[in-house]
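Heads up: the structure comes next, in structure tokens.
The values are calculated or read from the model by the stated rules, or taken from the named source; none is laboratory data. Worth saying up front: this structure is predicted, and the values here are computed from it rather than measured. We place every Cβ from the backbone using ideal geometry, glycine too, and count neighbours over all the protein chains shown. Just so you know, the surface numbers come from the protein's heavy atoms only, side chains and all, with ligands and any DNA or RNA stripped out. Shrake-Rupley method; radii C 1.70, N 1.55, O 1.52, S 1.80 Å.
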Amino acid sequence: KRVIACALAIMLVLGLALPLNAAEGGAPLASADRETRVIVQLLQNPVLVYETQLKERGVYTAQGLATYSNSLEKNLKNVISQAKSKGVDLRVEAQYTHSFFGFSASITFNKITELEKLPGVKKVFPDLPVELPNISYTVPQ
């Protein structure tokens, strides 16, 4: 779980530091019709955040959490459906609701701006490959 959390944190930081279609100086990284992978964050809180909020307020129920989870899945499918109906051709790779609310998809660069403008979309990040360093641990003697 820590590796996934670290990977998501790295992707978020990189997404803020590197715009999707521009290198330093504003030069395009790829042609407008080239396919790329993105991570789309949606507006609502993920299940884990909602669960924590319910527990902090002392109103947690498993049924309430299940209802919220179902509504997230419905909203996620709705955003994907809206994208496709507006001509945003995307191929969904994975859907996330537990610790992050959104999905990853392949899309052409020229459709990213349209995807960002859809209701319910908070942010679109590049899905950059991340390699974890090979770290060896030693036990002090």
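Rolling a 1.4 Å probe over the protein heavy atoms leaves Lys122 with an accessible area of roughly 120 Å².
Relative contact order of the stretch 46-141, taken over Cα pairs closer than 8 Å and 6 or more residues apart, is 24 percent. Calculate the FRET efficiency for Leu48 and Val139 from the Cβ-Cβ distance with a Förster distance of 41 Å, rounded to the nearest 0.05. My answer for the efficiency is 0.80. Remark: relative contact order (the stretch 89-141) = 23 percent; criterion is Cα-Cα distance under 8 angstrom and separation of 6 or more residues. Tell me whether the stretch 91-141 comes out rounded, prolate or oblate; compute the Cα gyration tensor, take square roots of the eigenvalues as a ≥ b ≥ c, and use a/c under 1.5 as the rounded threshold. Taking the square roots of the gyration eigenvalues as a ≥ b ≥ c, the stretch 91-141 is prolate.
Distant-in-sequence amide contacts of Thr108, defined by a placed amide H-H separation under 5 Å and a gap of 5 or more residues or a different chain, comprise Thr36.
Counting only protein heavy atoms and using a 1.4 Å probe, the accessible area of Ile135 comes to about 100 Å².
Across the protein chains, with a 1.4 Å probe defining accessible surface, the residues Lys111, Lys55 rank Lys55, Lys111 from largest area downward.
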